[in-house]
Amino acid sequence: MSGHGSWFPQFCARWVPKSWFWRLGIVIWLLVLWNLSAKSTLPSGPSFPFKDKVLHCLYYSGGALCFLFVLYGRRPSLPRFRSLVVPSVLFTAIVGASDEYHQSFTPGRMGNDPWDWLADVSGGVLAAYLVWRVLRYLAAH
């Protein structure tokens, strides 16, 4: 993670240990998720292959990233990658399943899509990797 200029180390050193910041991020993330899932239609934006799955993965990686920084951001030692993946996958699997169920009650939405859920869980794996890289970076500096 070299070449990030001076903002990256400063941001990480200052904000990663602040669990209140990441807890607030989880609350905002969940509120936005609930609001989006309650809408019958969503803005379309530009189109590209597998757009829906990519957006699911990216959005859930954001929530899982906040969740993992709450769990591991204050630890002085670097956790193993798999110790990040397990809680991240559980978090995204549970929230993703409940969100899919919620969507099944929203008019105009299908809900209970196993491929959306798999994209959500993939976002959890992506977040585990990103958090692991950031924590490795912090441990080295």
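From the list 123, 111, which one is touching a His at 6+ places or on another chain (Cβ under 8 Å) and part of a helix (DSSP H, G or I)?
One residue alone meets the criteria, 123.
Being of a type in the set (Gly, Ala, Ser) and surrounded by 15 or more Cβ atoms within 10 Å (Cβ to Cβ) is the filter; apply it to the stretch 100-141 and report the residue that is farthest from residue 17 (Cα to Cα).
Checking each candidate, the answer is 119.
Tally time: how many residues in the stretch 88-99 are surrounded by fewer than 18 Cβ atoms within 10 Å (Cβ to Cβ) and in contact with a helix residue (DSSP H, G or I) (Cβ under 7 Å, 6 or more places away or on another chain)?
The total comes to 2.
Do the conditions hold for residue 98, that is, is it over 13 Å from the mean Cα position of the chain (by Cα), modelled with pLDDT under 95 and part of a helix (DSSP H, G or I)?
When the stated conditions are applied, residue 98 does not pass them.
What is the residue count in the stretch 37-60 for residues that are of a type in the set (Ser, Thr, Tyr) and surrounded by fewer than 17 Cβ atoms within 10 Å (Cβ to Cβ)?
4
Exactly one condition in (1) at pLDDT 90 or above; (2) in a helix (DSSP H, G or I) is not met by residue 12; state its number.
The one condition residue 12 does not meet is (1).
So which of 20, 34 ends up being surrounded by 12 or more Cβ atoms within 10 Å (Cβ to Cβ) and either assigned to a helix (DSSP H, G or I) or at pLDDT 95 or above (or both)?
Only one candidate passes the filter, namely 34.
Kindly indicate whether residue 27 is closer than 21 Å to residue 130 by Cα and among the hydrophobic types (A, V, I, L, M, F, W, C).
yes
Looking only at the stretch 49-105, count every residue that is among the basic types (Lys, Arg) and closer than 23 Å to residue 11 by Cβ and tell me the total.
Here the count works out to 2.
Step by step: first the residues of the stretch 71-87, then only those that are touching a Phe, Trp or Tyr at 6+ places or on another chain (Cβ under 6 Å) and either surrounded by fewer than 18 Cβ atoms within 10 Å (Cβ to Cβ) or not aliphatic (A, V, I, L, M) (or both), then the one that is modelled with the lowest pLDDT. Which residue is that?
Residue satisfying both the conditions and the ranking: 79.
Among the residues of the stretch 76-92, is there at least one that is of a type in the set (Gly, Ala, Ser) and assigned to a helix (DSSP H, G or I)?
For the stretch 76-92, residues of a type in the set (Gly, Ala, Ser) and assigned to a helix (DSSP H, G or I): present.
Please give the number of the condition residue 87 fails out of (1) closer than 18 Å to residue 129 by Cβ; (2) out of contact with any Ser or Thr (no Cβ under 8 Å at 6 or more places or on another chain); (3) in contact (Cβ under 8 Å) with a residue 24 or more places away in the chain.
Only one criterion is unmet by residue 87, namely (3).
Checking the conditions here, which among 78, 84, 126 is in contact with a Lys or Arg (Cβ under 8 Å, 6 or more places away or on another chain) and over 18 Å from residue 42 (Cβ atoms)?
Unique residue meeting the criteria: 78.
The values are calculated or read from the model by the stated rules, or taken from the named source; none is laboratory data. Just so you know, these numbers come straight off a predicted model, no measurement behind them. Cβ: placed from backbone, ideal geometry, glycine included. Neighbour counts: every protein chain shown.
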